[in-house]
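Chemist: Please see the structure below; I have some questions.
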Amino acid sequence: EWTLDYKDLYKNPLMTGEGKKKINKLSKKYNLSIPSLTGDCFMQAPFWKSKNSEEENQLKKDLISILENCNQVGIKFIVIPLVDEGRTDNLKEEQLLISFLKEIEDKIYNLDLKILFESDFNPRDLEKFISKFNDDLFGINYDTGNSASLDYDFKEEKCYFKYVKNIHIKDRKKKSNTVRLGNGNWKYRKFFEYIKKSKYSGNFILQTARCGKKNHVKEILLNKEFFEKNYFV
């Protein structure tokens, strides 16, 4: 999964001609694909919270540009985080977000993309929110860490799970930081049990805790091992 920040947005390899050529070349060489993008840029600079119309229009143009560039490297899922600075705090912001995304539905369709929302809404509010969209073009990115931190009951979250197209695997302490898988509040056994029964066929993205100055590869492998040990049983 590609991550895109707003800082130096147009210097990111995804957003340059040479960068995209290299991404496609390396993807072919190593038989890799990039199925999804986490748009942290949308959270860092959300157009639905713009201070003025000029800023709003520029951020909307940025979003369109990101969609077009994603299409050129084979990315299918665009994750828009409605958390932290990207959270919709009132009805006006929510309506602005919804109206623009509906306005560009043809663009999303023609680029063969899906917009996925990651949010910290409670389960019923999230179900209500996602039902306002065309489910052929929009869906949900489920983040196990968000749910663990907020102590949401997975039984209640099932109400919107038919919309889930992508899953971020992480663990967090209740109302606290991300930790190594298995060390937080994530009820992974119940989660995996349900996922297998539901025949979910989307991706799992390891978005696990960073390890400071320690060995990053070792940390990733530890989390990968935990996932495989508990999922493939």
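The values are calculated or read from the model by the stated rules, or taken from the named source; none is laboratory data. Keep in mind that this is a model prediction, so the values were computed, not measured. Positions of Cβ are backbone-derived with ideal geometry, glycine not excepted, and every protein chain shown enters the neighbour counts. Only protein heavy atoms, including side chains, enter the accessible area calculation; ligands, DNA and RNA are left aside. Shrake-Rupley method; radii C 1.70, N 1.55, O 1.52, S 1.80 Å.
Chemist: Could the peptides 67-73, 141-147, 83-89 be put in order, highest first, of the mean number of other beta-carbon atoms found within 10 Å of their residues?
Modeler: 141-147, 67-73, 83-89
Chemist: Please give the charge dipole size of segment 1-139, origin at the Cα centre, charges +1 on K and R Cβ atoms and -1 on D and E Cβ atoms. Round to the nearest 20 debye.
Modeler: Computed charge dipole of segment 1-139: roughly 680 debye.
Chemist: Then there's this: If the only charges are +1 at each Lys and Arg Cβ and -1 at each Asp and Glu Cβ, what is the size of the charge dipole of the chain around the Cα centre, to the nearest 20 debye?
Modeler: Around 1200 debye, computed over the chain.
Chemist: Additional query: Testing the spin-label approximation: label points 7 Å from Cα along Cα→Cβ at C159 and L32. State their distance in nm.
Modeler: For the pair C159/L32, the computed spacing is 4.0 nm.
Chemist: Which is farthest toward the positive dipole end of the chain among Y109, T208, F77, measuring Cα position about the Cα centre, with Cβ charges +1 (Lys, Arg) and -1 (Asp, Glu)?
Modeler: Result: T208.
Chemist: To the nearest 10 Å², what's K22's accessible area with a 1.4 Å probe?
Modeler: Approximately 130 Å² of K22 is accessible to the 1.4 Å probe.
Chemist: Can I ask one more? What value, in deg cm²/dmol to 500, does the helix sum -39500 (n - 2.57) over DSSP H runs of n ≥ 4 give at 222 nm once divided by the residues of the chain?
Modeler: Calculated from helices alone, the mean residue ellipticity at 222 nm is -13000 deg cm²/dmol.
Chemist: I've got another one for you. Among 43-51, 107-115, how do they line up from the highest to the lowest mean number of other beta-carbon atoms within 10 Å?
Modeler: Highest mean packing first, the order is 43-51, 107-115.
Chemist: If each of C211 and Y194 carries a label point 7 Å out from its Cα toward its Cβ, how far apart are those two points in nm?
Modeler: 3.0 nm
Chemist: Could you tell me which of the pairs K51/K114; K128/K158; K162/K197; K155/K197; K102/K132 are separated by over 19 angstrom between their Cα atoms in the structure shown?
Modeler: Where the Cα-Cα span goes over 19 Å, the pairs concerned are K51/K114.
Chemist: How far apart, in nanometres, would the label points at E219 and Q72 be if each is projected 7 angstrom from Cα along the Cα-to-Cβ direction?
Modeler: Simple spin-label model gives 3.3 nm for this pair.
Chemist: What is the chain's relative contact order, in percent, from Cα pairs under 8 angstrom and six or more apart in sequence?
Modeler: Computed value for the chain: 13 percent relative contact order.
Chemist: Run the dipole for segment 3-59 about the Cα centre, Lys and Arg Cβ at +1, Asp and Glu Cβ at -1, nothing else charged, and hand back the magnitude in debye, nearest 20.
Modeler: Its charge dipole is roughly 500 debye.
Chemist: Hey, if you put +1 on the Cβ of every Lys and Arg and -1 on every Asp and Glu Cβ in the chain, which of F154, L181, N134 ends up farthest toward the positive end of that dipole?
Modeler: Value computed over the given set: L181.
Chemist: Would you please state the base-10 log of I(q)/I(0) at q = 0.13, 0.22, 0.28 1/Å for segment 136-185, with intensities from the Debye formula using one equal scatterer on every alpha carbon?
Modeler: These q points yield log10 I(q)/I(0) values of -0.31, -0.77, -1.03.
Chemist: Same structure again: For segment 52-94 and segment 190-212, write down the distance between their C-alpha centroids in whole Å.
Modeler: When both Cα centres are located, 25 Å separates them.
Chemist: To the nearest whole percent, what portion of all C-alpha pairs in the chain is separated by more than 28 angstrom?
Modeler: More than 28 Å apart: 32 percent of the Cα pairs in the chain.
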